[in-house]
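Asks: Please read through the structure below; I'll follow up with questions.
Each value in this text was obtained by applying a stated rule to the coordinates, not by laboratory testing. Since the structure is predicted, the reported quantities are computational estimates derived from the model, not experimental observations. Here the Cβ positions follow ideal geometry from the backbone for every residue, glycine too, while neighbour counts run over all protein chains shown.
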Amino acid sequence: MRIPFLSMFLTSPFEGLLEHAEKVKECAWAFQEAIECYISPKCETFEELRTKVATYESEADTIKRGIRGHLPIGTLMPVSKFQLFRYIREQDGVLDAVEACLNWISVYQEPGLPSQLQKDFLLLVDAVIEPIEELREMVAQARLYFKNYNEQQRAKVKEIINNLHQQEHNVDQMEFSLKSKIFNMELDAVSIFHLVRLVEIVGSIADHAENAGDMMRAMIAK
């Protein structure tokens, strides 16, 4: 029989995971705003938004270190520390990919995005925001599950994980379509490389969200 998770800690690690997930969600909104600014010909706040994202990422790192540093040694846990750390790494990977995307934009001096790609690129960004928002809800539901081990709660977590897989699949298809368009445009080699890599980095955001879901599935498995 499993021991209720919160009875083993003064503060559950899932409290920290939830706080971290909320910070990831905040970062996603700033990221989306930065991308919209980047595409706009009148964008004047991209660097400000990029700095905002970097600040959120730093704050999330502090939360991550707090989780890792306050796990009690030798205490029995319903999930292994390996699983917990793997989960944190993937959830944090979402932030790293978001920051990497804005940094990649920043290092290339050519402003904006070709008009033929703007609509599809914004749709791709919208598509990766969805799984980021699901992460926060998944952690919240898992936190409740580890309080009482209610099977209905577990089913809710699994449903969210399945959603993450479907969302990542949708992102993969959109990424492939967008890269095909880029390769068929009359652009110089440097621009093609920059745009294709940009699309790949955006797509990797959903990859990390899906991987976090896989780690959560392992944690709630019987």
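Asks: So which residue, out of Leu102, Leu195, Leu123, gets the largest mean-square fluctuation from a GNM of the chain using Cα contacts under 10 Å as springs?
Replies: Answer for the Gaussian network model of the chain: Leu123.
Asks: Compute the distribution of all C-alpha to C-alpha distances in the chain, in bins of 10 Å from 0, and list the percent of pairs in each, rounded to whole numbers.
Replies: Histogramming the chain at 10 Å steps yields 8, 33, 31, 18, 9, 2, 0 percent.
Asks: Okay, next question. Tell me, what is the FRET efficiency for Glu36 and Ala218 to the nearest 0.05, using R0 = 30 angstrom and their Cβ-Cβ distance as r?
Replies: Taking R0 as 30 Å, the efficiency between Glu36 and Ala218 is 0.25.
Asks: Let me ask something additional. Once a ≥ b ≥ c are taken as the square roots of the eigenvalues of the Cα gyration tensor of region 57-180, is the result rounded (a/c under 1.5), prolate (a/b larger than b/c) or oblate (a/b not larger than b/c)?
Replies: Cα axes put region 57-180 in the oblate bin.
Asks: Once you have the Cα-Cα distance between Ala189 and Ala100, take 0.36 nm times their residue separation minus that, and quote the gain in nm to one decimal.
Replies: Gain in length upon complete extension: 29.9 nm.
Asks: Each label point is 7 Å from the Cα along the Cα-to-Cβ direction; what then is the distance between the points at Phe176 and Tyr108, in nm?
Replies: According to this spin-label approximation, the distance is 2.3 nm.
Asks: Quick check: from the Cα gyration tensor, does region 94-145 come out rounded (a/c under 1.5), prolate or oblate?
Replies: Cα axes put region 94-145 in the oblate bin.
Asks: Please give the helix 13-39 orientation as an angle from the longest Cα principal axis of the chain, in degrees from 0 to 90, rounded to the nearest 10.
Replies: Once rounded, the angle reads 10 degrees.
Asks: If you don't mind, another one. Straight distance only, please: which lysines reach the Cα of Lys81 with their own Cα at less than 27 Å, same-chain residues fewer than 8 apart left out?
Replies: In chain and number order, the partners are Lys23, Lys25, Lys64, Lys147, Lys156, Lys158, Lys222.
Asks: While we're on this one: Between Phe85 and His165, 0.36 nm times their residue separation minus their Cα-Cα distance comes to what?
Replies: 26.7 nm
Asks: When the chain is treated as a GNM, springs tying every alpha-carbon pair under 10 Å, which of Met138, Met185, Met174 comes out with the largest mean-square fluctuation?
Replies: Taking springs between Cα atoms under 10 Å, the residue moving most is Met185.
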